[in-house]
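Only the coordinates and a few stated rules stand behind these numbers; no lab work does. Since this is a predicted model, take the numbers as computed values, not measurements. Using ideal geometry, Cβ is built from the backbone for each residue, glycine included, and neighbour counts are taken over all protein chains shown.
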Amino acid sequence: MVRVACLLIGYVCGLFQTAYIYGRINGIDIREYGSGNSGTTNALRVLGKKAGLIVFAGDILKILAAGFLVTVLFNQGDFFGDRAALYKLYAGLGAVLGHNFPFYLNFKGGKGIAVTSGLILMMDWRITILCLIAFALTVGLTRYVSLGSLVITALFMISWIFLGQTGRLALTPAHLLESYVLVFLIVAMAYWRHRANIKRLIAGTESKIGQKKE
């Protein structure tokens with residue numbers, strides 16, 4: 001039941017569509033412009049750098065809020081125990097689902113990268129630094145934001161498994177395996193949501209930084 005509750009808390013927090021709300025404040029439906037995606041990258045391309053930063057910050061904050069709520073609600077004595085990371089991952093999965101598939105927008109949201117970035121920040125500082133470097137290098141060299149996004153999500157899964165298998169995560173073996181499944185689902189969802197981008201990357205037609213459309 002606690003796992004389900006964490007998932008639901010995450011989903012509700014993920015429903016706060018920063019790009020959509022910011023777009024409405026500026027008189028547009030962000031889903032009708034650019035890539036049609038209600039996320040950070042499209043907000044950056046359509047509304048500019050300021051909008052991109054605001055949307056990114058908002059999407060980061062909602063996953064941090066989900067993690068905070070889970071901690072406050074379920075951190076009672078030894079009950080939380082080694083399951084702290086596990087419950088936050090459930091909240092993270094829920095937040096990505098809420099961000100990607102908001103029921104009140106006909107399940108048409110973002111691609112979950114900013115939210116996943118917030119989850120990485122919440123889960124482990126070492127992976128956060130590694131992903132920041134990888135993203136900066138990838139985007140700096142290729143100018144493909146989508147490729148940088150795919151790189152950091154894959155790196156999240158690889159790094160999480162590495163830390164787990166080397167005993168650097170405070171999880172029991174059973175909970176560790178469960179955490180691997182959750183991280184895999186989050187990463188798999190990112191790749192699924194980027195399937196069109198992947199096709200364009202392969203074809204060499206993907207938009208780069210500075211271009212208006214994908």
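Given the Cα-Cα distance of LEU8 and ASP82 and 0.36 nm per residue of separation, how much length would full extension add, in nm? If you can, show how the numbers build up before the last one.
Details: separation 74, 0.36 × 74 = 26.64 nm, distance 2.07 nm.
Here the segment from LEU8 to ASP82 would lengthen by 24.6 nm.
In a simple Cβ point-charge model (Lys, Arg +1; Asp, Glu -1; nothing else charged), the stretch 154-214 has a dipole of about 400 debye relative to its Cα centre. Once the chain from LYS49 to VAL181 is taken as fully extended at 0.36 nm per residue, the excess over their C-alpha distance is 44.0 nm. Close Lys pairs in the chain (alpha-carbon distance under 17 Å; sequence gap of 8 or more, or different chains): 10.
Each Lys and Arg contributes +1 and each Asp and Glu -1, all at the Cβ; summed about the Cα centre of the chain, the dipole is approximately 720 debye.
Assuming 0.36 nm per residue, please report the length gained on full extension of the stretch ALA170 to GLU32 beyond their Cα-Cα distance. All intermediate terms of the calculation are to be shown ahead of the outcome.
On the way: separation 138, 0.36 × 138 = 49.68 nm, distance 4.43 nm.
That pair, ALA170 and GLU32, stretches by 45.2 nm at full extension.
Work out the charge dipole of the stretch 2-203 with +1 on the Cβ of Lys and Arg and -1 on the Cβ of Asp and Glu about the Cα centre, then indicate which of MET157, TYR33, LEU61 is farthest towards its positive end. In the stretch 2-203, that residue is TYR33.
Taking the mean number of other Cβ atoms within 10 Å as a proxy for protection, how do you rank 190-197, 59-66 from highest to lowest?
Working: 190-197: 17.1, 59-66: 22.2.
Going by the mean number of other Cβ atoms within 10 Å, highest first, we get 59-66, 190-197.
Residue ranges 22-33, 92-103 sort as 92-103, 22-33 when ordered by packing (mean number of other C-beta atoms within 10 Å per residue, highest first). Applying 1/(1 + (r/R0)^6) with R0 = 25 Å to the Cβ-Cβ distance of THR71 and LEU105 gives a FRET efficiency near 0.30. The residue list PHE101, GLY52, ALA84 was ranked by how far each Cα lies along the charge dipole of the chain toward its positive end, using unit charges on Cβ atoms, and GLY52 comes out on top.
What does the convex hull of the alpha-carbon atoms of the chain project to on average, in nm²? If you can, show how the numbers build up before the last one.
Details: hull surface 46.9 nm².
It is 11.7 nm².
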